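Notes follow the structure.
The values are calculated or read from the model by the stated rules, or taken from the named source; none is laboratory data. The shown structure was predicted, so the numbers you read here are calculated from the model rather than taken from an experiment. Here Cβ is always computed from backbone atoms with ideal geometry, including for glycine, and neighbour counts include all displayed protein chains. To get the accessible areas, we keep the full protein, side chains included, count just its heavy atoms, and leave off ligands, DNA and RNA. Shrake-Rupley method; radii C 1.70, N 1.55, O 1.52, S 1.80 Å.
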Amino acid sequence: MSDSLKTPRNLIYEIFVDRFANDDGDSPQLPPTSGPSYSVHAGGTLRGVVRRLEHIRRLGADAIYLTPIFRAPSNHKYDVACYDEVDPRFGGDAAFNELVTECRKHGLGLILDGVFNHLGREHPWFRKASADAECPEARYFLWLDHPNEYECWQSHGTLPELNLEHPDVQAALVTADNSVVRQWLRRGATGWRLDCANDLGPEMCRLITQTTQEENACDGTIGEVMAYAEDFARAGCLTGVMNYYFRSTVLALLSGEINAAQAATNFKRMVKSYDREVLLKSWNILASHDTPRLATLFPNRAQRKLAFCLAFAFCGVPMVYYGEEVSLRGERDPDNRRPMIWDENQWDEDLLGFIRRLAQLRAQSRALRMGTYVSLPQPAFPSVLAFARVAEHPADTFVLLANASDQEVQGRFFAPVTHLFDSLPLRDALEPNRITHMEGGSLRLSLGPWDVAMLRPEDSRQPRYSYFSGYAYSMGKFQ
């Protein structure tokens, strides 16, 4: 595997296809209806995604993740009726081929949603199995009382669970030469997000990951695990996880349910327990199609900025759910799946520019993408979460101090990082006019309410002198 494939992505952008953009690239329209929310189609398509790739790229994303696109009756497509074709409402296979081509032109990965623990009642396997208890497909499911009682995802009868231990099921979905996993990777996808990875289990996840590696899929497999994911974040099981433990920690910090010390403990636990490469490629999510949106949970933009800083600075790849970058609002499902707003007059331009800046910083910093995590506890300041990201080059160090409070804090903060030498200037990458200096392993700083400083060394302040000259022999000549 090349070094470029080993490097974590810069930013993942999640798209709920039916609500993102129509064929013309405009906002889909929800029709008036009194029916179930899952049956309401707004008209988003894959060609609509193509029309908006420039927006995604300008945000700083280098991969998109699509919620399911295969033929299914619902708008969310988790009730798969056929794994072999793209839903006609989304533009069919031709639209998918166009999207693949355009993603390659824009340098974007294309990650598909793999729904493999269950499917929909309209799938031919389930129809055959329901009609004949003796047919081969009947053994693909877990019957309690054929044909009416069967295992189904969280008791939803429309989502019958698959018997994942059956070799024919494993072959059709994963291992066979024409399996679902292989087929769509060969058609242009660059990886899979595995729906309900906890229901698949570690061994099935391992099998899918092995298959994606055989197909040289650079984005591998990212498992949805809405829990502390240590068993799934082991080497060889998954490429990464959707880091819901990270999300729970950040949201609890913002809401005041925990203090900075608890957040730091949670972060350190993940760094210690998760495989390093798996953690670096896990997705730092703040909102998704399954959660309320940040702008609804935290109307204070400063709080959301702090959350995004943590998503970009902690180990892992930041994931932005469509519309979060412009402060789209939404309660729980289905309200969190509102159509994207493409009227720029309604956008939160301040937040959009802030996220673009964070993405630019991450793209330019090896420390933010691959660096070692160093916890910097500040017990004198209970509201301040602090840590550093350190890479091979000492100048590529970031020290983050986040004040999770509506009160200003100021004073001396300690940053015991060896190569942050005395008198070394540190400039805030977010507020360039904010400069401080190291003083014997510490620094003085003032942080406003919900303020974040992302400090990095500025080794050009002293003419004819480098603070890091002593590293030249061990690291080679600095660029």
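Miscellaneous remarks
- The range 1-50 - residue that is among the aliphatic types (A, V, I, L, M) and at pLDDT below 95 and, of those, most open to solvent (accessible area, probe 1.4 Å): Met1
- Number of the condition not met by Glu257 [criteria: (1) among the acidic types (Asp, Glu); (2) in contact with a strand residue (DSSP E or B) (Cβ under 8 Å, 6 or more places away or on another chain); (3) free of Cβ contacts under 8 Å to residues at least 24 places away in the same chain]: (2)
- Some residue of the range 194-211 being within 28 Å of Thr7 (Cβ to Cβ), part of a loop (DSSP other than H, G, I, E, B) and touching a Leu at 6+ places or on another chain (Cβ under 6 Å): no
- Considered as a group, the residues in the range 254-301 that are over 19 Å from the mean Cα position of the chain (by Cα) and polar (S, T, N, Q) include one that is nearest to Gly191 (Cα to Cα), and that residue is Ser273.
- Complete set of residues in the range 413-450 that are of a type outside the set (A, V, I, L, M), closer than 29 Å to Ser255 by Cβ and crowded, with 18+ Cβ neighbours inside 10 Å: Phe413, Asp428, Trp450
- Subset tally (residues that are part of a helix (DSSP H, G or I) and of a type outside the set (D, E, K, R)) for the range 115-147: 9
- Taking the range 177-206 as the range and being hydrophobic (A, V, I, L, M, F, W, C) and under 14 Å from Asp84 (Cα atoms) as the test, the residues that pass are Val180, Val181, Trp184, Leu185, Ala189.
- Hey, Tyr65 within 19 Å of the chain's Cα centre (by Cα), at pLDDT 95 or above and of a type in the set (Ser, Thr, Tyr) or not: yes
- Filter result for Arg182 (in contact with a helix residue (DSSP H, G or I) (Cβ under 8 Å, 6 or more places away or on another chain) and open to solvent by 50 Å² or more (accessible area, probe 1.4 Å)): no
- Scoring Ser255 on the criteria (1) open to solvent by 10 Å² or more (accessible area, probe 1.4 Å); (2) of a type in the set (Ser, Thr, Tyr); (3) more than 28 Å from Leu328 (Cα to Cα) leaves a single failure, condition (3).
- Ala233 farther than 19 Å from Asn198 by Cβ and among the hydrophobic types (A, V, I, L, M, F, W, C): no
- Scanning the range 225-252 for residues that are open to solvent by less than 10 Å² (accessible area, probe 1.4 Å) and either of a type in the set (A, V, I, L, M) or not in a helix (DSSP H, G or I) (or both) gives Val225, Ala229, Ala233, Cys237, Leu238, Gly240, Val241, Met242, Asn243, Val250.
- Of all the residues in the range 255-300, those that are assigned to a helix (DSSP H, G or I) and more than 25 Å from Val374 (Cβ to Cβ) number 5.
- Residues located in the range 314-340, provided they are within 13 Å of the chain's Cα centre (by Cα) and of a type in the set (Gly, Ala, Ser): Gly316
- Residues (surrounded by 17 or more Cβ atoms within 10 Å (Cβ to Cβ), free of Cβ contacts under 8 Å to residues at least 40 places away in the same chain and charged (D, E, K, R)) located in the range 102-138: Glu137
- Scan the range 277-309 for residues that are of a type outside the set (S, T, N, Q), out of contact with any Pro (no Cβ under 9 Å at 6 or more places or on another chain) and in contact (Cβ under 8 Å) with a residue 12 or more places away in the chain and the total you get is 17.
- Of all residues making up the range 148-177, the number that are part of a helix (DSSP H, G or I) and touching a residue at least 12 places away in the same chain (Cβ under 8 Å): 7
- Subset of the range 78-91 [open to solvent by less than 10 Å² (accessible area, probe 1.4 Å) and over 16 Å from Pro160 (Cβ atoms)]: Val86, Asp87, Phe90
- When restricted to residues that are touching a residue at least 40 places away in the same chain (Cβ under 8 Å) and out of contact with any strand residue (DSSP E or B) (no Cβ under 7 Å at 6 or more places or on another chain), the range 194-215 contains 2.
- Annotation for the range 276-286: no member residue is open to solvent by 10 Å² or more (accessible area, probe 1.4 Å), closer than 29 Å to Leu112 by Cβ and among the aromatic types (Phe, Trp, Tyr).
- Among the residues of the range 372-385, those identified as in contact (Cβ under 8 Å) with a residue 40 or more places away in the chain and not hydroxyl-bearing (Ser, Thr, Tyr) are Val374, Leu376, Pro377, Gln378, Pro379, Phe381, Pro382, Val384, Leu385.
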